[in-house]
Amino acid sequence: MSHKKETKKKFIQLKTKIPGPKSIELLARKEHNVPKGPFNTLNTFAVKGEGALITDVDGNTFIDFAGAIGTLNVGHCPPGVVEALHHQIDAYLHPSFHVMMYEPYIELAETLNRITPGNHKKKTFFLNSGAEAVENAVKIARKYTGRKAIISFERGFHGRTYMAMSLTSKVKPYKYEFGPFAPETYKWPYPYYYRSEFDSPEQLDDALLQRFETFFQSEVPPEEIAAVIMEPVQGEGGFIIPSKGFVKGVKSLCERNGILFIADEIQTGFARTGKMFAIEHFDVIPDLITMSKSLAAGLPISAVTGRSEIMDSPNIGEIGGTYGGSPLGCVAGLEVVKAIEEGDLLSRAEIIGNAFQTRFKKLKNLYPQMGDVRRLGAMCAMEFVTDAKTKKPNKELVQEIIKTAHQNGLIIMTAGLYGNVIRLLTPLVITDEQLNEGLEVLERAIHQCCQKK
């Protein structure tokens, strides 16, 4: 009796070196026609995406652990979304909600009012991008409170338009030489337990919350602060996860002083952290919540949802935009929520995150350059340092690991103030086999690059 060894299917298929010949041709055209400002993670061009896989013009198939920077929680080209888009395209493209309204806008507003935290009465309106959602959340907060000052957090990222950029904390590449910035914006420190000098997270939380009380005396009185905007997990900042005590402490400060609490869920929302919205991990109900990215599986739409009395504070015509809440984005959003709920992607996020943590916590013990391994659900990150004692950021090592992973068919990205964090935003529909193959590629890249040092 013969025993044939079963061959494990490989999802990564590399036919050329990256970039391949067709990509090289397109890169030359890009160089002549597109400004250098927009960054690119991978020097190749897509032709097809499905689930957690994406194929380029040279026939190379990659496993995608970047998910269009957190936009593809339900994967590339989810069937329900694609089908809904075809139906919508056959009906009408864009009458503009400000000219003739359409039902998908109302349906998606109803859905977001239902699934966002809190049982209070809510209202929702739609825009095009995450930055626009932030801009409008600020406008609404100022209108409702009659106050001007907005507080954001160190290492926070809220977008590239001027108010959003003013609230963002990273100078290069987001703010350098683009000033002056919007006035009446201020920064509070955000806990970073891995880099804390305190003995416990609780001590750091207490110290920061006390500093916020002092801030009211030394910088801006609370009577002039309209809102605090917080990412429940900092995205661009390095996937920094605060404690429940810290987030609840900030919300309590807001409540005592009539300050609105805005949860920026643009990267953390729609099942990424194992909850529909990350703020649910902290037992805090925000007054306003901003959403985009995975809301519509890659189509440009964003939303602001909030307490009805707050959302109704702007008068007719004071908020909106020509393309806000496009019919295509709305029908896609409805299908995304359906896919998350029917596919139990909240549980799937925890399974993915646990697989990551189990594998890389072990690897951390081998290499002192792996300073920290952290996650909330499937929002996963590894921070690399030159040595464990000084914790000096090791951007160069991260760049080597990224390049090695790319050349072996895995798409990953960096994060962090110093670019020394590898972040994973794996589509939640990834199969176990695809996940394991991708994690193996990443693990081999880390072994290879860390052993050189």
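What you get for the stretch 1-102, charging only the Cβ of Lys and Arg (+1) and of Asp and Glu (-1), is a dipole of about 600 debye around the Cα centre. For residue 380, nonlocal amide neighbours, meaning residues 5 or more places apart or on other chains whose placed amide H falls under 5 Å from its own, are 424.
Reducing the stretch 262-307 and the stretch 120-156 to their Cα centroids gives an inter-centroid distance of 13 Å. Per-residue 3J(HN,Hα) values for the stretch 173-181, derived from phi via the Karplus relation 6.51 cos²θ - 1.76 cosθ + 1.60 with θ = phi - 60°, read x, 7, 10, 4, 6, 9, x, x, 9 Hz in sequence order (x marks Gly and Pro).
What does the net charge come to around residue 87 if you take all other residues with beta carbon closer than 15 Å to its beta carbon, with K and R at +1 and D and E at -1? Here the charged neighbours net out to -4. For the chain, the residue among 352, 84, 134 whose Cα projects farthest onto the positive side of the dipole built from Cβ charges is 352. Ignoring everything except DSSP H segments at least 4 long, calculate the 222 nm mean residue ellipticity for the chain; use -39,500 (n - 2.57) per segment, divide by total residues, nearest 500. Calculated mean residue ellipticity at 222 nm is -12000 deg cm²/dmol. Between residue 255 and residue 338, the distance separating the two model label sites (each 7 Å from Cα on the Cα→Cβ line) works out to 3.8 nm. Backbone geometry of the stretch 72-83 corresponds, through the Karplus equation with coefficients 6.51, -1.76 and 1.60 at θ = phi - 60°, to 3J(HN,Hα) couplings of 10, 4, 9, x, 6, 6, x, x, x, 5, 4, 5 Hz, x marking Gly and Pro.
3J(HN,Hα) along the stretch 357-363: 5, 4, 6, 8, 5, 5, 5 Hz, from the Karplus curve 6.51 cos²θ - 1.76 cosθ + 1.60 with θ = phi - 60°, whole Hz, x for Gly and Pro.
Would you order 45, 126 from fewest to most other beta-carbon atoms within 10 Å of each residue's own beta-carbon?
45, 126
Using a ≥ b ≥ c from the Cα gyration tensor of the stretch 11-79 (square roots of the eigenvalues), is it rounded, prolate or oblate, where a/c under 1.5 gives rounded and otherwise the larger of a/b and b/c decides, a/b for prolate?
In terms of gyration-tensor shape, oblate.
Past 24 Å, Cα to Cα, is the threshold; run 251/361; 15/293; 15/48 against it and keep the listed order. The pairs that break the limit, which is 24 Å between Cα atoms, are 251/361; 15/293. Each of 181, 111, 252 was scored by the projection of its Cα onto the charge dipole of the stretch 80-342, and the greatest displacement toward the positive side belongs to 181; charges sit on the C-beta of Lys, Arg, Asp and Glu.
How much net charge surrounds residue 438 when only the other residues with a Cβ under 12 Å from the Cβ of residue 438 are counted, with Lys and Arg +1 and Asp and Glu -1?
Within the 12 Å Cβ shell, the charges total -3.
Taking the number of Cβ atoms within 10 Å of each Cβ as an exposure proxy, the fewest-first ranking of 77, 450, 254, 380 is 77, 450, 254, 380.
Amide H to amide H, with H built 1.01 Å from N, residue 302 comes under 5 Å of 127, 128, 129, 325, counting only residues 5 or more places away or on other chains. In plain terms, the chain from residue 200 to residue 395 could stretch by 67.5 nm, reckoned as 0.36 nm per residue minus the Cα-Cα distance. Taking Cα centre as origin and charging only the Cβ of basic (Lys, Arg, +1) and acidic (Asp, Glu, -1) residues, the dipole magnitude of the stretch 129-238 rounds to 580 debye. Taken about its Cα centre, the stretch 80-342 carries a charge dipole of roughly 340 debye when the Cβ of each Lys and Arg holds +1 and the Cβ of each Asp and Glu holds -1. By the count of neighbouring beta-carbon atoms within 10 Å, fewest first, 108, 376 end up ordered 376, 108.
Read-outs: derived from the displayed coordinates by stated rules, not from any lab. The structure presented is a predicted model; accordingly, all values stated were derived computationally and were not measured. Virtual Cβ from ideal backbone geometry, glycine too; neighbours counted across all protein chains shown.
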